[in-house]
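**Student:** The structure's right below; bear with me while I get my questions together.
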Amino acid sequence: MAFLDVDPDCWLLALNYACSVMNLTAEKIIGWRAPQEVATGETPAISVLLHFVLWDIAHCARHANNQPDSQKGQEIRGRFVGFAWDVGHKLTFLVLNDDSRKVIKRSVLQLVNCPENEMRLDENNLRLNKAAGKELRSKINFTTAGRDPCHADG
């Protein structure tokens with residue numbers, strides 16, 4: 001969470017996001033199959049993971065409505081915090097509304113064009129050199145707890 005500067009009160013949303021990603025990605029220990037595939041027998045579509053990253057800033061409709069054109073100019077700003085598996089189609093997302101601090105479910109999001117969404121990672125994807133033009137507040141010590149994403153042997 002410190003890596004993305006996620007609010008501390010959003011730890012459960014961050015954990016839920018991490019679990020969702022881990023359930024959809026292959027693991028060597030189970031024969032390069034995804035845990036969800038082992039549990040259900042169906043290969044999961046990982047395209048849902050390619051749209052947004054946790055804590056991305058996005059705009060979405062203020063009110064859930066089946067008519068997208070009826071809400072022009074009524075977008076709200078929020079943070080992408082996960083996937084809404086229980087509502088709508090596979091590309092329905094959870095958004096933390098910046099104003100009300102409530103999680104809403106939306107299938108249409110637009111990534112905001114801002115420096116915070118353009119963070120660049122080093123070649124190992126393990127540390128952030130600069131975030132939005134600012135130095136990190138403190139050095140981050142990363143441990144991999146037995147799973148090293150940089151090594152194929154895991």
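The values are calculated or read from the model by the stated rules, or taken from the named source; none is laboratory data. Not measured: the values here are computed from a predicted model. Positions of Cβ are generated from backbone atoms using ideal geometry, with glycine treated the same way; all protein chains shown enter the neighbour counts.
**Student:** What about LEU13, is it at pLDDT 90 or above and not in a loop (DSSP other than H, G, I, E, B)?
**Tutor:** So LEU13 passes the test.
**Student:** Oh, and also: Those residues that are crowded, with 16+ Cβ neighbours inside 10 Å and out of contact with any strand residue (DSSP E or B) (no Cβ under 7 Å at 6 or more places or on another chain), I need them from the range 8-20; list them, please.
**Tutor:** Listed by number, the list holds a single entry, ALA14.
**Student:** Another question about this same structure. For the range 16-47, enumerate the residues that are of a type in the set (A, V, I, L, M, F, W, C) and outside any loop (DSSP other than H, G, I, E, B).
**Tutor:** ALA18, CYS19, VAL21, MET22, LEU24, ILE29, ILE30, VAL38, ALA39 - these are the residues of the range 16-47 that are of a type in the set (A, V, I, L, M, F, W, C) and outside any loop (DSSP other than H, G, I, E, B).
**Student:** Kindly indicate whether any position in the range 24-46 is under 25 Å from ASP99 (Cβ atoms), surrounded by 14 or more Cβ atoms within 10 Å (Cβ to Cβ) and within 14 Å of the chain's Cα centre (by Cα).
**Tutor:** No, the range 24-46 has no match at all.
**Student:** Identify, by number, the condition in (1) touching a Phe, Trp or Tyr at 6+ places or on another chain (Cβ under 9 Å); (2) at pLDDT 90 or above that ASN23 doesn't meet.
**Tutor:** (1)
**Student:** Scan (1) at pLDDT below 95; (2) under 14 Å from HIS51 (Cα atoms) for the single condition LEU94 breaks and write down its number.
**Tutor:** Among (1) at pLDDT below 95; (2) under 14 Å from HIS51 (Cα atoms), LEU94 violates only (1).
**Student:** OK, next. In the range 90-112, which residues are part of a loop (DSSP other than H, G, I, E, B) and under 11 Å from PHE80 (Cβ atoms)?
**Tutor:** If the condition is that a residue be part of a loop (DSSP other than H, G, I, E, B) and under 11 Å from PHE80 (Cβ atoms), then VAL112 is the only one that fits.
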